[in-house]
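Written out below as structure tokens is the structure these notes cover.
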Amino acid sequence: SQQGEEDPQALSIQEGENATMNCSYKTSINNLQWYRQNSGRGLVHLILIRSNEREKHSGRLRVTLDTSKKSSSLLITASRAADTASYFCATGPPWGDNQGGKLIFGQGTELSVKP
Amino acid sequence: ETGVTQSPTHLIKTRGQQVTLRCSSQSGHNTVSWYQQALGQGPQFIFQYYREEENGRGNFPPRFSGLQFPNYSSELNVNALELDDSALYLCASSPRQGAYEQYFGPGTRLTVT
């Protein structure tokens, strides 16, 4: 079963614009991660934010986490054509939850950046 | 590139057959997880292996089984293949057990006819 719901399902922007993707989840978490996937290939880890953090930056990426609303957002600033990909959020279960390494992924946002 | 490799790249099998998929983890990583990704969906967790022991399992039937070897490479075995098993199978390694950042291989595309 998939925990996260991503919004929007698809996003089309021009190069240089910012892209914002949102993720909502249902249960308590230890961390939330964002991954990128190009054309049905392997996923690339972008950033991890822990449940006690509210915002994190990495290069052109900014992630926020609101555990009271069970939601996160990923902002990509000054987008490039190479950012075209599917983006997934994934949640890790809380400490002590006997689910091993079970990351639960959302269904993804398909981002298209036009040159 | 993550350093995680998977073989084969593509595979076509017939319903009822058995299949083995292989994964070599990134150097220094002792944990391997397997995911199934159907077309247009996010990956679904199958199981995780840590130091050759299963360390958590998702909602998959027993005909999905796995192994991890002393060099931390891993196999995913699926028996009695069904049409719905057609998917991209992803292997991911990480330097520690649990649900932390994972490094994915390129995947094996399995088609069951």
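Just so you know, all these numbers are worked out from the coordinates, no wet-lab data involved. Keep in mind that what you see is a predicted model, and the values were worked out from it rather than measured. A quick note on method: Cβ atoms are made from the backbone with ideal geometry, for glycine too, and the neighbour counts reach across all protein chains shown.
Cα atoms only, the stretch A:32-77: Rg and Dmax in Å?
Cα radius of gyration and Dmax of the stretch A:32-77 are 11.3, 34 Å respectively.
Around residue B:101, under 15 Å between beta carbons, what's the net of Lys plus Arg minus Asp minus Glu among the other residues? Could you put the intermediate results ahead of the total?
On the way: positive: A:36, A:50, A:56, A:102, B:96; negative: A:53.
Neighbour charge sum, excluding residue B:101 itself: +4.
In Å, what Rg and Dmax follow from the Cα atoms of the protein assembly as shown?
Rg then Dmax for the protein assembly as shown, in Å: 17.2, 50.
Gaussian network model of chain A, Cα springs within a sub-10 Å range: biggest mean-square fluctuation belongs to which of A:38, A:22, A:52?
Fluctuation is largest for A:52.
Can you list the HN-Hα couplings for the stretch B:91-97, worked out from phi with the Karplus curve (6.51, -1.76, 1.60; θ = phi - 60°), rounded to whole Hz and with x for Gly and Pro?
Computed from phi, the couplings for the stretch B:91-97 are 10, 9, 10, 8, x, 8, 6 Hz.
Taking N as the number of residues in the stretch B:33-113, what is its alpha-carbon radius of gyration divided by 2.2 N^0.38 Å?
Details: Rg = 12.3 Å, N = 81, 2.2 N^0.38 = 11.7 Å.
Against the empirical 2.2 N^0.38 Å value, I get 1.06 for the stretch B:33-113.
Give me the percent of Cα-Cα pairs in the stretch A:1-80 that sit more than 15 Å apart, rounded to a whole number.
Numbers: 1875 of 3160 pairs.
Counting every Cα pair in the stretch A:1-80, those more than 15 Å apart make up 59 percent.
Are any of the pairs A:69/A:102; A:70/B:13; A:56/A:102 more than 31 Å apart by Cα-Cα distance, and if so, which?
Working: A:69/A:102 22 Å; A:70/B:13 41 Å; A:56/A:102 23 Å.
Exceeds cut-off: A:70/B:13.
Would you kindly state how much longer the chain becomes between residue B:41 and residue B:67 on full extension, computed as 0.36 nm times their sequence separation minus their alpha carbon distance, in nm to one decimal? Please list the in-between numbers first.
Numbers: separation 26, 0.36 × 26 = 9.36 nm, distance 2.57 nm.
Contour length minus Cα-Cα distance gives 6.8 nm.
With a 10 Å cut-off between alpha carbons and a GNM built on chain A, which of A:28, A:72, A:39 moves the most?
Highest fluctuation of the listed residues: A:39.
Given the options B:19, B:67, B:102, identify the residue whose Cα lies farthest towards the positive end of the charge dipole of chain B (+1 on Cβ of Lys, Arg; -1 on Cβ of Asp, Glu).
Comparing the listed Cα positions along the dipole, B:19 ranks first.
Given the Cα-Cα distance of residue B:77 and residue B:111 and 0.36 nm per residue of separation, how much length would full extension add, in nm? Don't jump to the answer; show the numbers that get you there.
Values: separation 34, 0.36 × 34 = 12.24 nm, distance 1.46 nm.
Contour length minus Cα-Cα distance gives 10.8 nm.
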